[in-house]
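The values are calculated or read from the model by the stated rules, or taken from the named source; none is laboratory data. All figures in this text were calculated on a predicted structure; none of them were measured in a lab. Because the Cβ atoms are built from the backbone with ideal geometry, glycine has one as well, and the counts that use them run over all protein chains shown.
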Amino acid sequence: MALIDFAPTMLDHLGAAIPAHMTGRSVRYVFSVSVFALVLYLFDANDVLATIAGADVASAVITVGFALGALFFSAIRLKQLLVLQNIMLSLRNVFFVGLSATFYGLVLPGGTLAAFAVRFFQLSRDARVEPVAAALVVDRIIAIMFLVVIGTMAIALDQAEPLWANVIVAGTIFGAGIFAFGRRSSMWVIDRLDNVTNNESSSKLHRFGVRISKAFSNYSTAGGGEVLTVLATSLLAHLCGCLAYYAIATSMDLDISFLSICWIRSGMILLTMIPVSVAGLGLREIAAIGLLVPLGFGEAQAIGFSILISLATSVIIGLIGGFSELLRLTGRR
């Protein structure tokens, strides 16, 4: 299923083959707008607007800074993964690709998948397809792994009693994640797939998958310093993301701990990764209600929190990315 026929004029510059029809596009827009409108109807839009209007503007501006910081550290991680594929791009270029992907993720149906496609087409203009695809897939795997591990650790540590048991649980989860990453060489099963490239009956997609798998194998020999860079930048990116969410909570005077924000952020992001909406609209609000209301917050507070998060970490960053993309397409960047 194609992901990028919404803006053919701009995406033609990415080298993408734009199909004439995309069956799921309208459905996603209708779904997102309908769910969002239903949420506002059920829980009084006036209360939500009052909650948003009462937020501190300075804290919201700080949130944008943290969101850019998360994008910056994610760019460092992706750059390191590209270097391991012998793809040498400047950090500036990788960072701007991330900005433009955020922009397209706002306007294209599919959200995260559309942003992934944009990164793929932009980065593969000057590099081979297979190593770029491998770098992006591994980048997403690492990002999701950290999202799950940090969220699970935060839940364990956020429980009141007993603290020592929670520390042991959190340490075990983190250690298991590191061990799994350390055993990454077993993830790339190349020998069993070598014969596929010589199999005339195998599909083109399957043979393409084998070439990507061989590109994946480059990561099994990564050095300690390179692995440390990937892990450290992943941790810093998620820390900035959690601080962005915490800044929004502070701007709304929500009495909530930083640890709670960490696992709430993980839950909200994981739900919005489901490719059934546009930019997570609707899904993000449902997730906020499901995670914040059981903690004693009102529905209007939960929805207002979700909307402010979307504005600060997606819309404003996406507008910056759109402006950057416009400069690129007009040859001014």
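For segment 232-278, how many residues are hydroxyl-bearing (Ser, Thr, Tyr), surrounded by fewer than 22 Cβ atoms within 10 Å (Cβ to Cβ) and free of Cβ contacts under 8 Å to residues at least 40 places away in the same chain?
Of the residues in that region, 0 qualify.
With (1) outside any loop (DSSP other than H, G, I, E, B); (2) surrounded by 14 or more Cβ atoms within 10 Å (Cβ to Cβ); (3) modelled with pLDDT under 85 as the list, and Leu38 as the residue in question, which single condition is left unmet?
(2)
Picking from Val138, Val64, Val148, which residue would you name as being out of contact with any strand residue (DSSP E or B) (no Cβ under 9 Å at 6 or more places or on another chain), buried (at least 22 other Cβ atoms within 10 Å of the Cβ), modelled with pLDDT of 85 or more and assigned to a helix (DSSP H, G or I)?
Val138
All but one of (1) at pLDDT 90 or above; (2) out of contact with any Phe, Trp or Tyr (no Cβ under 8 Å at 6 or more places or on another chain) hold for Asn86; state the number of the condition that does not hold.
(1)
Of these, Leu311, Leu295, Leu326, which one is exposed (fewer than 15 other Cβ atoms within 10 Å of the Cβ), within 24 Å of Trp263 (Cα to Cα) and out of contact with any Leu (no Cβ under 8 Å at 6 or more places or on another chain)?
Leu295
Checking Ala279 against (1) part of a helix (DSSP H, G or I); (2) touching a Leu at 6+ places or on another chain (Cβ under 6 Å), which single condition isn't satisfied?
(1) is the only condition that Ala279 fails.
Given Leu106, Leu113, Leu91, which one is crowded, with 18+ Cβ neighbours inside 10 Å and of a type outside the set (D, E, K, R)?
Leu106
Quickly run through segment 280-290 and pick out the residues that are in contact with a Ser or Thr (Cβ under 6 Å, 6 or more places away or on another chain) and small (Gly, Ala, Ser).
Residues satisfying the conditions are Gly280, Gly282, Ala288.
Name every residue in segment 304-319 that is closer than 17 Å to Leu108 by Cβ and either free of Cβ contacts under 8 Å to residues at least 12 places away in the same chain or touching a Phe, Trp or Tyr at 6+ places or on another chain (Cβ under 9 Å) (or both), in order of residue number.
If the condition is that a residue be closer than 17 Å to Leu108 by Cβ and either free of Cβ contacts under 8 Å to residues at least 12 places away in the same chain or touching a Phe, Trp or Tyr at 6+ places or on another chain (Cβ under 9 Å) (or both), then Ile317, Gly318, Leu319 are the ones that fit.
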